[in-house]
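Read the figures in this text as sums done on the coordinates, not as results from a lab. Only a predicted model underlies this, so the values are computations on that prediction, with no experimental measurement involved. For neighbour counting, all protein chains shown are included, and Cβ atoms are generated from backbone atoms with ideal geometry for every residue, glycine included.
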Amino acid sequence: MSIHWNFKDLIIGEIKKNGGWVNAHAHIDRAFTISPDSLDIYKKYMLEEKWDIVDAVKHASEDEYYRRISKALELMIDQGVTAVGSFIDVDPIVEDRAIKAALKAKESYQDQIEVVLIGQTLKGVIEPAARKWFDIGAEMVDIIGGLPKRDERDYGKGEEHFNILLSTAKKLGKMVHVHVDQFNLHSDKETEMLADKTIEYGMQGKVVAIHSVSLAAHPKAYRKKVYKKLQQAKVMIIGCPTAWIDAPRHEESQPFHNALTPVDELVKHGITVAIGSDNIADYMLPFTDGDMWSELKLMAIGNRFMDLDELVKIATVNGRKVLGIA
Ligand SMILES: [Zn+2]
């Protein structure tokens, strides 16, 4: 009788042996907020516009936030996810309702899943009211989170955003997770800036880049330069495969690649890579359902990356490293 290999069973079996799945990046406070009625928002607007349009689901009560977050955590637990790192909006719209609900859920589910909370700065950290809520959130979260593109677009102050994140994290003794290089364009150089800033602030080993998709849009010589900087700065990376595979068609000429974090090259250069589901069924990613196997499969196929041992590490122990719970 011949043996038919099933890579899904093989890899998931190894993931169980290594402590279970780790979903290192999500936004569980906005999970399940899309409906057929609001699907047009996804079709009509690009991400930068949605940073404000999504306000529509952020006026929710603390109880509603608790329900969304609980449902997302149960979805994770059902798949054998044992730890999750989630950004939670803390800003002038939501104020502290989402983070309070998340802290409650973290405690309620502590026997089933380890929850690490990270502050999301959809409104930036420059505008005074946004800064006020960033500072309040920084005390409540486990990890300082950021989105430099917001302040770069509004004020040309992306670099200042990095400075505020890193100085706050250093002062509070916390790690930093930053959304960088999301747009799959060679004009993006945020991963490089994050590595430079990490060294400038002496935060080696405590900083994590989320996405770094645009790295793959640069020529090989630039990519190699950045990989070296990431090594020196001990910056780790979280790839969220479905999140950017919908990068819109454009007419820029750039090296051919799929719109994914270049995991094959990062791993080859000794950089720690983890995986996240990113948004689940919301305005940003309506069809994403938080299925970790789908995410890992897309990461592997889209990067022609079939190193089984490394894929298991990406789905398990590396996730714990980037969340500071190794
Ligand atoms: Zn995100």
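In the chain, with Lys and Arg counted as +1 and Asp and Glu as -1 at Cβ, which of these residues, Phe87, Leu185, Phe287, has the Cα nearest the positive end of the dipole, that is, farthest along it?
Of the options given, the answer is Leu185.
Ranked from highest to lowest mean number of other Cβ atoms within 10 Å per residue, what is the order of the peptides 265-271, 234-240?
Values: 265-271: 17.6, 234-240: 26.0.
For the peptides 265-271, 234-240, the packing ranking is 234-240, 265-271.
Taking the Cα centre of the stretch 1-119 as origin, work out the dipole magnitude from +1 charges on Lys and Arg Cβ and -1 charges on Asp and Glu Cβ, in debye rounded to 20.
Taking the Cα centre of the stretch 1-119 as origin, the dipole is about 400 debye.
Counting alpha carbon pairs within less than 8 Å and at least 6 residues apart, what relative contact order, in whole percent, applies to the chain? Don't jump to the answer; show the numbers that get you there.
On the way: 635 pairs, mean separation 66.0, N = 326.
Dividing the mean separation by the residue count of the chain yields 20 percent.
Using a 10 Å cut-off around each Cβ, can you sort Glu295, Glu252, Glu192, Glu62 from fewest to most neighbouring Cβ atoms? Before the final figure, lay out each step's value.
Working: Glu295 24, Glu252 9, Glu192 19, Glu62 16.
Going from sparsest to densest Cβ surroundings: Glu252, Glu62, Glu192, Glu295.
For the stretch 36-95, with the dipole built from +1 on Lys and Arg beta-carbon atoms and -1 on Asp and Glu ones, taken about the Cα centre, which of Val54, Pro36, Tyr65 lies farthest toward the positive end?
Highest projection toward the positive end goes to Pro36.
Can you compute the modelled spin-label distance between Glu160 and Phe7, with each label point 7 Å from Cα toward Cβ, in nm?
Roughly 4.7 nm, to one decimal.
Given the Cα-Cα distance of Lys71 and Ile136 and 0.36 nm per residue of separation, how much length would full extension add, in nm?
Length difference between fully extended and current span is 20.8 nm.
About the Cα centre, and with charges only on the beta carbon of Lys, Arg (+1) and Asp, Glu (-1), how big is the dipole of the chain? Nearest 20 debye, please.
Values: 42 positive and 49 negative charges, 213 e Å.
Approximately 1020 debye in magnitude.
Through the Karplus equation 6.51 cos²θ - 1.76 cosθ + 1.60, θ set to phi - 60°, convert the phi angles of the stretch 81-95 into ³J(HN,Hα) values in whole Hz; use x for Gly and Pro.
7, 9, 8, 9, x, 10, 5, 9, 5, 9, 7, x, 7, 7, 6
Within 10 Å of each residue's Cβ, count the other Cβ atoms and sort Arg30, Arg131, Arg150 from fewest upward.
On the way: Arg30 31, Arg131 16, Arg150 24.
Going from sparsest to densest Cβ surroundings: Arg131, Arg150, Arg30.
If you take the charge dipole of the chain about its Cα centre, with +1 on Lys and Arg Cβ and -1 on Asp and Glu Cβ, which of Ala195, Ala217, Ile136 is farthest toward its positive end?
It is Ala195.
Looking at the stretch 21-322, I'd like the Rg to Rh ratio, where Rg is from alpha-carbon atoms and Rh is Kirkwood's inverse mean 1/r.
Result: Rg/Rh = 0.93.
Which residue, Gly276, Gly145, Gly158, tops the fluctuation ranking in a GNM of the chain built on C-alpha contacts under 10 Å?
Highest fluctuation among the options: Gly158.
So which chymotrypsin sites (Phe, Trp or Tyr not before Pro) in the stretch 173-272 end up in coil per DSSP with only 15 or fewer other C-beta atoms within 10 Å? Numbers along the way, then the final one.
Numbers: sites: Phe183, Tyr201, Tyr222, Tyr227, Trp244, Phe256; in loops: Phe183, Tyr201, Phe256.
Loop-located and lightly packed - Phe256.
If I model a spin label at Ala56 and Gln204 as a point 7 Å from the Cα along the Cα→Cβ vector, what separation in nanometres do I get?
4.8
Determine the relative contact order of the stretch 1-129: mean sequence separation of Cα pairs under 8 Å and six or more apart, normalised by residue count, in whole percent.
Numbers: 145 pairs, mean separation 40.0, N = 129.
Result for the stretch 1-129 is 31 percent.
Could you sort out which of Lys157/Lys206; Lys229/Lys268; Lys197/Lys229; Lys220/Lys268 sit more than 19 Å apart by Cα distance in this structure?
Working: Lys157/Lys206 23 Å; Lys229/Lys268 14 Å; Lys197/Lys229 11 Å; Lys220/Lys268 14 Å.
Correct reply: Lys157/Lys206.
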